[in-house]
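The values are calculated or read from the model by the stated rules, or taken from the named source; none is laboratory data. All values reported here derive from a predicted model rather than from experimental measurement. Don't worry about glycine lacking a Cβ; one is built from the backbone with ideal geometry, like all the others, and counts go over all protein chains shown. Heads up: the accessible areas ignore ligands, DNA and RNA and are worked out on the full protein's heavy atoms, side chains in. Shrake-Rupley method; radii C 1.70, N 1.55, O 1.52, S 1.80 Å.
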Amino acid sequence: MRMRMLSFTCILFSLLATLSPLFIQASTFNLTLPHPDPEAVALQVQRRILASTISKAQQSCATGNPIDDCWKCDPNWGNNRQRLAECGIGFGQAAGGGKGGQIYVVTDSSDHDVANPTPGTLRHAVIQTEPLWIVFAANMQIKLKHELIVNSYKTIDGRGANVYITGSGCITLQYVSNVIVHNIHVYNCVPSGNTNIRSSPTHVGYRGKSDGDGITIFGSRNIWIDHCALSHCTDGLIDITMGSTAITISNNYFSHHNEVMLMGHDDRYMPDKGMQVTIAFNHFGQGLIQRMPRCRHGYFHVVNNDFTEWRMYAIGGSASPTINSQGNRYMAPSDPSAKEVTKRVDTEEGDWAGWNWRTDGDVLENGAYFVPSGQGLSNQYTKAASVEAKSAAMIDQLTSTAGVLGGPRDNGDRISYSGGTTTGASSSGGGGSGGEDFFGMIFGSAAPPSTTKGSLFLSILIILVLYMTTSDGALLSLPLLLL
């Protein structure tokens, strides 16, 4: 018996030796990738803002917001939707989405079968392996049965329609790259799962219970979330974890929520040290409490946002994140105990005094105050300094169109956990097109194919088996381990 157990253990060690490079590669993925100099990226964002401000003085269409000015000044932007992919800024500016792929027109708002999605539905579009630029034939409310698992090289482009995504699980970006989500309402997202969900044309996998985030970004890179309205979800509105990086969150309208954005999985999860996120031109509006964002480990550039409401704090963090706050407007609540913008979570001052948190050109109103630390205390730390301290009028201008364009900017205070109605949204019906008319015109050649997920979970399973081996060689059965 002992010989059989030793033989089995040797086999497991051999498998582990074979697969451990994959495990190590996955666990250190975010640390070994080439990352841009964060200070250079922050400075580049400021230069883009300055250039758009100068452009505004020279042409009537410009707003000073470099993202919007990049595509909205073209009166025929609808004929070249994929121009949007060239307009990103900050760490997520390389997110190409579905650029170079076909236009896929969503004609069916239903979500009847998550394992075998109906052609013409959003779920059918996002699981495809090739690059796709996804648009909508009409206003629609899409009530998801379970998580919407999005594949790499996809753009969800809601311009020209009022598109509301709600229901169970909502949008999941897991181990993918090059995804753009633009001009979508996301609200009333609740936990779901314990079912089989299709994530590609060839793969259906079992999913456990989700958290109920509006948008989950998990182990992913080159992601851009722009001009969305997010509110009333069970967990976070946007959660970015597990080694994700190269992300921009811009021009969004956040409202009616407690824990708005989480960035970083756990204080002990070292791959999040490579996380780099730009948060720009967003409006943090009515009914918000905390986490705008709450950060761990990485580098976070919070630039030219309008914080008009919080009840506990605006920006928080732990595990020594770098927070570069530039040109924001912070409007403190009336509560005298909640005037501080910043919060070091569960950390003594002696431990956070060296964290690099700085405020540069921020507008602090109604008694708001920002507590800098580390190099942020020095006026000489100016590598990523704002070109000028932004005035309140400038913040109004830069964030005036935050949220969804062409309809209600936010989700309205009538939308709540109980579900109910959406203002201005109408369903396109559940019939679909019946054929493949949901594919529109072709734009050039395809982008690179999406990457595979590797054998991380098999490696973890082997480690668990070895860990559970007792000192006398007895081994728990695999069925028991998998319970």
Within the stretch 303-326, can one find any residue that is among the hydroxyl-bearing types (Ser, Thr, Tyr), without any contact (Cβ under 8 Å) to a residue 40 or more places away in the chain and over 24 Å from Gly219 (Cβ atoms)? yes
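Each row is one residue, and each column tells you yes or no for (1) of a type outside the set (Gly, Ala, Ser); (2) part of a loop (DSSP other than H, G, I, E, B); (3) within 30 Å of Asp68 (Cα to Cα).
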residue: Ala161; (1), (2), (3): no, yes, yes
residue: Tyr164; (1), (2), (3): yes, no, yes
residue: Ile197; (1), (2), (3): yes, no, no
residue: Gly205; (1), (2), (3): no, no, no
For the stretch 113-143, how many residues meet the condition of being within 22 Å of Ser244 (Cβ to Cβ), open to solvent by 10 Å² or more (accessible area, probe 1.4 Å) and touching a Gly at 6+ places or on another chain (Cβ under 6 Å)? 0
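Condition first: among the aliphatic types (A, V, I, L, M) and at pLDDT below 95. Now tell me which residues in the stretch 365-402 satisfy that.
Leu377, Ala384, Ala385, Val387, Ala389, Ala392, Ala393, Met394, Ile395, Leu398
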Pick from the stretch 244-265 the residues that are of a type in the set (A, V, I, L, M, F, W, C) and assigned to a strand (DSSP E or B): which of them is nearest to Ser231 (Cα to Cα)? Phe254
Inside the stretch 266-290, the number of residues satisfying the requirement of being open to solvent by 10 Å² or more (accessible area, probe 1.4 Å), within 26 Å of Ala94 (Cβ to Cβ) and either assigned to a loop (DSSP other than H, G, I, E, B) or acidic (Asp, Glu) (or both) is 1
Is it true that some residue in the stretch 143-153 is of a type in the set (D, E, K, R), over 25 Å from Arg221 (Cα atoms) and in a strand (DSSP E or B)? yes
Of the residues in the stretch 159-192, those that are over 25 Å from Lys72 (Cβ atoms), of a type outside the set (Ser, Thr, Tyr) and modelled with pLDDT of 95 or more come to Gly167, Cys170, Leu173, Gln174, Val176, Asn188, Cys189, Val190, Pro191
Every residue in the stretch 76-110 that is free of Cβ contacts under 8 Å to residues at least 12 places away in the same chain and assigned to a loop (DSSP other than H, G, I, E, B), please. Asn76
Which of the numbered conditions does Ala246 fail, given that it passes all the others? Conditions: (1) on the phi < 0 side of the Ramachandran plot; (2) within 14 Å of the chain's Cα centre (by Cα); (3) of a type in the set (A, V, I, L, M). (1)
Restricting attention to the stretch 229-243, which residues are open to solvent by less than 10 Å² (accessible area, probe 1.4 Å) and in contact with a strand residue (DSSP E or B) (Cβ under 6 Å, 6 or more places away or on another chain)? Ala229, Leu230, Ser231, Cys233, Gly236, Leu237, Ile238, Ile240
Quickly run through the stretch 183-194 and pick out the residues that are assigned to a strand (DSSP E or B) and surrounded by 24 or more Cβ atoms within 10 Å (Cβ to Cβ). His185, Val186, Tyr187, Asn188, Cys189
Give the residue that is surrounded by the fewest Cβ atoms within 10 Å (Cβ to Cβ), with candidates limited to residues of the stretch 156-167 that are under 17 Å from Gly406 (Cβ atoms) and not aliphatic (A, V, I, L, M). Gly160
Which residues, counting only those in the stretch 72-110, are open to solvent by 10 Å² or more (accessible area, probe 1.4 Å) and among the aromatic types (Phe, Trp, Tyr)? Trp77, Phe91
Which residues, counting only those in the stretch 199-215, are open to solvent by less than 60 Å² (accessible area, probe 1.4 Å), free of Cβ contacts under 8 Å to residues at least 40 places away in the same chain and within 21 Å of the chain's Cα centre (by Cα)? Gly208
